[in-house]
1. Where in segment 57-81 is the amide nitrogen less than 13 Å from a point lying 7 Å along the Cα-to-Cβ axis of Leu6?
2. Just the accessible area per residue of the chain, please: how many Å² with a 1.4 Å probe?
3. By how many nm would the segment from Leu24 to Thr60 grow when fully extended, if each residue of separation counts as 0.36 nm and the alpha-carbon distance is taken off?
4. Express the carbon and sulfur contribution to the solvent-accessible surface of the chain as a percent, rounded to the nearest whole number, probe 1.4 angstrom.
5. Hey, of (1) 1.18; (2) 0.92; (3) 1.03, which did the structure itself give for Rg/Rh (Cα atoms, Kirkwood Rh) when calculated?
6. Could you give the size of the charge dipole of the chain about its Cα centre, using +1 on the Cβ of each K and R and -1 on the Cβ of each D and E, expressed in debye and rounded to the nearest 20?
7. Can you give the helix-only mean residue ellipticity at 222 nm for the chain, where every DSSP H stretch with n ≥ 4 adds -39500 (n - 2.57) and the sum goes over all residues, rounded to the nearest 500 deg cm²/dmol?
Amino acid sequence: AFKALLPMTVDMSELNGNEKYYYLSEELPTSSSAPGIIHAGDLMLYGNNCIVLFYETFSTSYSYTRLGRVDDPSGLTAALGSGKVKITFELQ
């Protein structure tokens with residue numbers, strides 16, 4: 001269902017100094033689980049309509065549906081900066 005939305009360019013907001021998020025106007029199917037550890041570059045769905053791109057690695061007790069992963073997350077923190085950022089999701 002997420003792939004059907006691609007390519008997609010969105011303005012993502014900052015949260016917690018470790019992630020960017022964007023609320024979709026529609027709901028996606030979920031298969032959530034608690035990963036325990038989030039890795040920089042993880043692209044997850046929180047709930048059924050919030051896309052989250054993580055740029056730091058940390059432990060969590062929250063549950064997410066995995067959407068994908070940035071192949072090479074080195075430099076992701078510097079690229080995303082602080083505050084809102086415009087991101088394009090597409091398949092390569």
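The values are calculated or read from the model by the stated rules, or taken from the named source; none is laboratory data. Being a predicted model, the structure only gives us computed values, none of them experimental. Using ideal geometry, Cβ is built from the backbone for each residue, glycine included, and neighbour counts are taken over all protein chains shown. For accessibility, only protein heavy atoms count, side chains too; no ligands or nucleic acids. Shrake-Rupley method; radii C 1.70, N 1.55, O 1.52, S 1.80 Å.
1. The answer is 67-71.
2. Result: 59 Å² per residue.
3. Additional length available on full extension: 10.7 nm.
4. Carbon-and-sulfur percentage of accessible area, whole number: 48.
5. Recomputing Rg/Rh (Cα atoms, Kirkwood Rh) here picks out (2).
6. 40 debye
7. Calculated from helices alone, the mean residue ellipticity at 222 nm is -1000 deg cm²/dmol.
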